[in-house]
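Novice: Please see the structure below; I have some questions.
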Amino acid sequence: MWNQFEGQLPLLAPSGYVAEVTDECNGCGDCAKGKCNFLAIKMSADGVTAIIDEAKCMGCGVCEAVCPIDAIQMRREPSKGDPLDLQR
């Protein structure tokens with residue numbers, strides 16, 4: 001449902017982070033091959049690098065985990081709200 005309505009239904013809360021592709025990206029496409037449940041990653045038109053759609057990114061970190069060269073990092077994004085502090 002989330003993807004059908006392009007994130008417009010308030011069913012989920014973002015983590016407070018977004019994925020960011022670093023200059024080390026080699027364009028392998030592992031992150032874009034159906035790994036992102038929110039369809040927030042695609043490859044550039046020339047296929048050289050991954051592109052993150054920050055509006056769709058929920059900051060789950062799956063793309064960071066599947067990147068074989070660690071070219072994706074999670075970045076704190078204040079517009080996505082405060083991360084949940086599990087210790088509190």
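Novice: Which entries of LYS35/LYS80; LYS35/LYS56; LYS42/LYS80 have Cα-Cα distances beyond 19 Å here?
Specialist: Working: LYS35/LYS80 21 Å; LYS35/LYS56 14 Å; LYS42/LYS80 21 Å.
Pairs exceeding 19 Å: LYS35/LYS80; LYS42/LYS80.
Novice: Can you compute the helix-only [θ] at 222 nm over the chain? Use -39500 (n - 2.57) per DSSP H run of at least 4 residues, normalise by all residues, nearest 500 deg cm²/dmol. Show your work: numbers first, answer last.
Specialist: On the way: 1 runs with 5 residues, N = 88.
Dividing the helical sum by the residues of the chain leaves -1000 deg cm²/dmol.
Novice: Continuing with this model, one more query. Could you check the spin-label model distance between LEU84 and ALA13? Points 7 Å from the Cα along Cα→Cβ, value in nm.
Specialist: It is 0.6 nm.
Novice: LYS33: which aspartates and glutamates have alpha carbons under 18 Å from its alpha carbon, excluding same-chain residues fewer than 8 sequence positions away?
Specialist: In chain and number order, the partners are GLU20, ASP46, ASP53, GLU54, GLU64, ASP70.
Novice: May I ask you to evaluate 6.51 cos²θ - 1.76 cosθ + 1.60, the Karplus curve with θ = phi - 60°, for each residue of segment 28-39 and list the ³J(HN,Hα) values in order in whole Hz, giving x for glycine and proline?
Specialist: 5, x, 4, 5, 8, 8, x, 7, 7, 5, 9, 6
Novice: While we're looking at this one, here's another question. What whole-number value in Å² describes the accessible area per residue of the chain for a 1.4 Å probe?
Specialist: On the way: 5960 Å² over 88 residues.
Per residue, the chain has 68 Å² of solvent-accessible surface.
Novice: In nm, to one decimal, how far is the modelled label at LYS42 from the one at GLN73, with both set 7 Å along Cα→Cβ?
Specialist: 2.7 nm
Novice: In the chain, which Cys residues have no partner Cys with a Cβ closer than 4.7 Å?
Specialist: So far as the 4.7 Å Cβ criterion goes, CYS25, CYS28, CYS36, CYS57, CYS60, CYS67 stand without a partner in the chain.
Novice: Using a/c under 1.5 as the rounded threshold, could you call the chain rounded, prolate or oblate? The axes a ≥ b ≥ c are square roots of the C-alpha gyration tensor eigenvalues, and prolate needs a/b larger than b/c, oblate otherwise. Don't jump to the answer; show the numbers that get you there.
Specialist: Values: a/c = 2.18, a/b = 1.40, b/c = 1.56.
Cα axes put the chain in the oblate bin.
The values are calculated or read from the model by the stated rules, or taken from the named source; none is laboratory data. Quick caveat, the model's predicted, so the values are computed rather than measured. Positions of Cβ are backbone-derived with ideal geometry, glycine not excepted, and every protein chain shown enters the neighbour counts. Surface areas here come from the heavy atoms of the whole protein model, side chains and all, with no ligands, DNA or RNA. Shrake-Rupley method; radii C 1.70, N 1.55, O 1.52, S 1.80 Å.
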